[in-house]
Amino acid sequence: MKKIVALIIFLCFSAFSWSQKIDPNAKRLLDTASEELSKNTTFYIKFNYLYVVPGQRSTVETGQVYAAGEKYHLMLPNTTQIFDGNKIYTISIDDKEITSSDREDGESLSPTNILNLYKKGFDITSGGIGTINNIKCSIIKLVPSDTKKSKSIILAIANNRLVRVSENYNDGSSLILTVVDFKENLIVNKSLLTFDKNNYKDYTLTEL
């Protein structure tokens, strides 16, 4: 669950200023998709996610996120995360614990900037064309320019929209998120984008 939160939302991902190797065609696709997403004042995404560990059974789960500007409300089966524009609140339903932290500008990987992370610290290469859920997609691979980093990220894009994100680790595990529904410029209830401690009276709140 922690890796899921870290990919989407989620926690912090450092944007290093190392020299990048960039495929211009792949970057053009990312630039266009990023620009199209930024045009939406609000959006909703429903997605399936799968955490794969070699030798272990994997189960597909479903998550949802509502976003308006930089603010968002992410819902996973046992975890909720809210960014109200100032602080990130991560709520563990099983543990009845809440952590509150500041977001460092430009360094947080979240549902609202996932299509911007390629702009610093990654080599960008084209992976050709692939088919996901009967959708023909352009595959783009992001590899950290700092070779000591253990992750690589593969994005699948179709019609200027993100279809799938796969984060791969050196230990052979991977986290795969596939978009199953996307709605843009809808009305998002302001209460979804605000943290209210009164809704979590039995929870322990920790400030980081």
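Taken together, the values in this text are just the output of simple stated rules run on the coordinates, not laboratory data. All figures in this text were calculated on a predicted structure; none of them were measured in a lab. Every residue, glycine among them, receives a Cβ derived from its backbone with ideal geometry; neighbour counts consider all protein chains shown.
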- For the range 140-208: rounded, prolate or oblate by the Cα gyration tensor [a/c cutoff 1.5]: oblate
- Item | Residues Arg164, Arg57, Arg103, sorted so that the one with the fewest Cβ neighbours within 10 Å comes first | Arg57, Arg103, Arg164
- Query: Classify the range 31-132: rounded, prolate or oblate, from the alpha-carbon gyration tensor (a ≥ b ≥ c, eigenvalue square roots; a/c under 1.5 rounded; otherwise prolate if a/b is larger than b/c)?
  - Reply: oblate
- Of Lys39/Lys120; Lys27/Lys119; Lys96/Lys197, pairs whose Cα-Cα distance is over 18 Å: Lys39/Lys120
- Task: Quick one: which residues, 5 or more positions from Leu115 or on another chain, have an amide H under 5 Å from its amide H? H modelled 1.01 Å from N in the peptide plane, none for Pro or chain starts.
- Result: none
- Query: Residue separation times 0.36 nm, minus the C-alpha to C-alpha distance between Ser38 and Thr59: what's the value?
  - Reply: 4.4 nm
- Calculate one ³J(HN,Hα) per residue across the range 90-95 by plugging θ = phi - 60° into the Karplus curve 6.51 cos²θ - 1.76 cosθ + 1.60, and present them in order as whole Hz with x for glycine and proline. 10, 10, 8, 6, 5, 8
- Label-point separation in nm, Ser92 to Ile132, each point 7 Å along Cα→Cβ: 3.0
- Task: Output ³J(HN,Hα) for the range 71-83: one whole-Hz value per residue in order, computed from phi by the Karplus curve 6.51 cos²θ - 1.76 cosθ + 1.60 with θ = phi - 60°, and x for Gly and Pro.
- Result: 6, 7, 9, 9, 10, 10, x, 10, 9, 10, 10, 10, 10
- Query: So what is the relative contact order of the range 44-83, in percent, for Cα pairs below 8 Å that sit 6 or more residues apart?
  - Reply: 30
